[in-house]
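The values are calculated or read from the model by the stated rules, or taken from the named source; none is laboratory data. None of the values given here were measured: they were computed from a predicted structure. So basically every Cβ, Gly included, is an ideal-geometry build from the backbone, and we count neighbours across all protein chains shown.
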Amino acid sequence: MRRERERRGWTQAELATKLAEVGVNLHPSAIAKIELRDVTRPRAIRLDEAQAIAYLLGLPLEEMARTSIDRFDDLMIYLGQTLIRMRDDATTVNELTREAETQLATMDAEAAQALAQEHFVVQLTALARALPLEQLNEYVSLLLNPAHPFHGVISAAARESRPGGQRPETS
């Protein structure tokens, strides 16, 4: 309750005022006792109070009753699901990369190089718009690795994007 109240920038007195507006009279000191969960002098919360607080905070009553451990468990489940999706996405990217490499290998070398460069630039532009700079830098570093299958395509695209195909000057 305290976390949600503070997230909204409300003081205990402001929450008490808002509760009074919906017909629940709860003194700010009672709110403080509920939030503290003082085991020596606990302040029980009535159902109508809990419902009104949940309503004002825009949360289901069930969410208000959840413990930190419940929320942590949910977070870990979500993290696990996200990691599985990321693994599946990486597998798909690898499969698509192999398929693209196979198709490029069957084409005329010059046409394949031009097509790969064009698509690489389009994909890199899309990534630049979608990824935070740190992730984009990490991705580009991976692609610039000479062991990466598209390294030759990337190097050629970079050379052709510079005037006269020159390397940038170093200081």
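Side notes on the structure shown:
- Taking the stretch 1-32 as the range and being of a type outside the set (Gly, Ala, Ser), more than 21 Å from residue 71 (Cα to Cα) and surrounded by fewer than 16 Cβ atoms within 10 Å (Cβ to Cβ) as the test, the residues that pass are 11, 14, 17, 21, 22, 25, 27, 28.
- For residue 67: the one exception among (1) loosely packed, with under 13 Cβ neighbours inside 10 Å; (2) over 30 Å from residue 20 (Cβ atoms); (3) modelled with pLDDT under 80; (4) over 23 Å from the mean Cα position of the chain (by Cα): (2)
- Going through (1) surrounded by 10 or more Cβ atoms within 10 Å (Cβ to Cβ); (2) at pLDDT 75 or above; (3) outside the structural domain of residue 20 (by TED's automatic domain parsing) one by one, residue 57 falls short only on (3).
- Residue 153 at pLDDT below 75, over 17 Å from residue 93 (Cα atoms) and not in a loop (DSSP other than H, G, I, E, B): yes
- Some residue of the stretch 38-46 being within 36 Å of the chain's Cα centre (by Cα) and touching a residue at least 12 places away in the same chain (Cβ under 8 Å): no
- Summed over the stretch 17-66, the residues that are within 17 Å of residue 3 (Cβ to Cβ), outside any helix (DSSP H, G or I) and touching a helix residue (DSSP H, G or I) at 6+ places or on another chain (Cβ under 8 Å) give a count of 3.
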